[in-house]
1. Which condition breaks for residue 176 when tested against (1) more than 18 Å from the chain's Cα centre (by Cα); (2) under 23 Å from residue 91 (Cβ atoms)?
2. Counting only residues that are among the β-branched types (Val, Ile, Thr) and either more than 9 Å from ligand 1 (Cβ to nearest atom) or open to solvent by 70 Å² or more (accessible area, probe 1.4 Å) (or both), how many does region 168-197 have?
3. Of all residues in region 3-33 being among the basic types (Lys, Arg) and in a helix (DSSP H, G or I), which is nearest to ligand 2 (Cβ to nearest atom)?
4. Does region 66-109 hold any residues that are touching a residue at least 60 places away in the same chain (Cβ under 8 Å), among the aliphatic types (A, V, I, L, M), away from ligand 2 (no atom under 16 Å from the Cβ) and not in a loop (DSSP other than H, G, I, E, B), and which are they?
5. When only residues in region 110-128 that are without any contact (Cβ under 8 Å) to a residue 24 or more places away in the chain and assigned to a helix (DSSP H, G or I) count, which is surrounded by the fewest Cβ atoms within 10 Å (Cβ to Cβ)?
6. Give the residue that is farthest from residue 70 (Cα to Cα), with candidates limited to residues of region 20-50 that are in contact (Cβ under 8 Å) with a residue 60 or more places away in the chain and within 8 Å of ligand 1 (Cβ to nearest atom).
7. Within region 165-202, how many residues turn out to be within 16 Å of ligand 2 (Cβ to nearest atom) and either farther than 23 Å from residue 4 by Cβ or of a type in the set (S, T, N, Q) (or both)?
8. Please determine, by comparing only the residues of region 130-142 that are open to solvent by 70 Å² or more (accessible area, probe 1.4 Å) and either of a type outside the set (A, V, I, L, M) or at pLDDT 95 or above (or both), which one is nearest to ligand 1 (Cβ to nearest atom).
Amino acid sequence: MKIIMLGAPGAGKGTQAKMIAETYKLPHVSTGDIFRANIKNNTELGKEAKTYMDKGELVPDELTVRILLDRVAQDDCKNGYVLDGFPRTIPQAEVLDSELDKLGEKVDFAIDVEVPDENIVRRMSGRRACLKCGATYHIVHIPPKKEGICDACGSELVQRDDDKEETVKNRLSVYHQQTQPLIDFYDNKGVLKTVDGTKDSAEVFEDIKRILG
Ligand code: AP5
Ligand code: MG
């Protein structure tokens, strides 16, 4: 099963993708997590990606596509995956489509997690992330069992550099310009499913399970 998570920054794509990955035994592939791991390890890729991410801009398609195709070519992705944060532009979606086409495959579900802009800025300021395993928490809504420590792997939780209010606003405007058109793109392919991301994260996941079956 090949699933794409769509939605604004902070809509809960990562939170839901993790739950889908566990329940349906699929790898969770997040381009944002891959970039952040590279930034943490100070790789060339990380240095380049950081210049865009810190401003809330998108990393160029060419670089992002290369990273993503490398990742989904790995063995664990053979039976499918949950893509979180990719594609984010029409050209990225077209490359993914043509690569899948070559394999006689297609995207099965594009799940759009809908949350109005007003809710987003509030959510982001409370977010804490684990740079080791990609788990995400919220200091009020989804707190870790022990403050500042990841439940899943015991690493230290951090606030992301791009979660400052000004950067979040830019990420939202980039989303509306470059990523939102993907909603129509996948609707035209008949695979779009929409869920209300303002509900509690467990309820959102129940809605997603009903869709995936
Ligand atoms: P990326 O890491 O993908 O960030 P994003 O899309 O901005 O999305 P977020 O991770 O911020 O939010 P999310 O939807 O995953 O929400 P989360 O579950 O964490 O990308 C970062 C950057 O990398 C981009 O800006 C770009 O520069 C670059 N990049 C990545 N992919 C790229 C691509 N394909 N092309 C080009 N550039 C790319 O939830 C948010 C918060 O809310 C958390 O605190 C969470 O605990 C809380 N929460 C979640 N669900 C709920 C709920 N139902 N109720 C209350 N709180 C909730
Ligand atoms: Mg995320």
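1. Every listed condition holds for residue 176 apart from (1).
2. Residues of region 168-197 among the β-branched types (Val, Ile, Thr): 168, 174, 179, 183, 191, 194-195.
Filter once more, keeping what is either more than 9 Å from ligand 1 (Cβ to nearest atom) or open to solvent by 70 Å² or more (accessible area, probe 1.4 Å) (or both): 183, 191, 194-195.
Counting residues in region 168-197 that are among the β-branched types (Val, Ile, Thr) and either more than 9 Å from ligand 1 (Cβ to nearest atom) or open to solvent by 70 Å² or more (accessible area, probe 1.4 Å) (or both) gives 4.
3. Within region 3-33, the subset among the basic types (Lys, Arg) is 13, 18, 25.
Cutting the leftovers down to in a helix (DSSP H, G or I) gives us 13, 18.
Details: 13: 5, 18: 9 Å.
The residue in question is 13.
4. Correct list: 90, 93, 100.
5. From region 110-128, those without any contact (Cβ under 8 Å) to a residue 24 or more places away in the chain are 118, 122, 126; that's our starting set.
Still in the running and assigned to a helix (DSSP H, G or I): 118, 122.
On the way: 118: 7, 122: 13.
Within region 110-128, the match that is surrounded by the fewest Cβ atoms within 10 Å (Cβ to Cβ) is 118.
6. Filtering region 20-50 for residues that are in contact (Cβ under 8 Å) with a residue 60 or more places away in the chain and within 8 Å of ligand 1 (Cβ to nearest atom), the one farthest from residue 70 (Cα to Cα) comes out as 36.
7. Total satisfying the criteria: 3.
8. If we filter region 130-142 for residues that are open to solvent by 70 Å² or more (accessible area, probe 1.4 Å), which is where we start, we get 132, 139-141.
In the following step, the residues that additionally are either of a type outside the set (A, V, I, L, M) or at pLDDT 95 or above (or both) were identified as 132, 141.
Details: 132: 15, 141: 4 Å.
The selected residue is 141.
The values are calculated or read from the model by the stated rules, or taken from the named source; none is laboratory data. Just so you know, these numbers come straight off a predicted model, no measurement behind them. Neighbour counts are summed over all protein chains in view; Cβ atoms, including those assigned to glycine, are modelled from backbone coordinates with ideal geometry. Note: areas computed on protein heavy atoms with side chains; ligands, DNA, RNA excluded. Shrake-Rupley method; radii C 1.70, N 1.55, O 1.52, S 1.80 Å.
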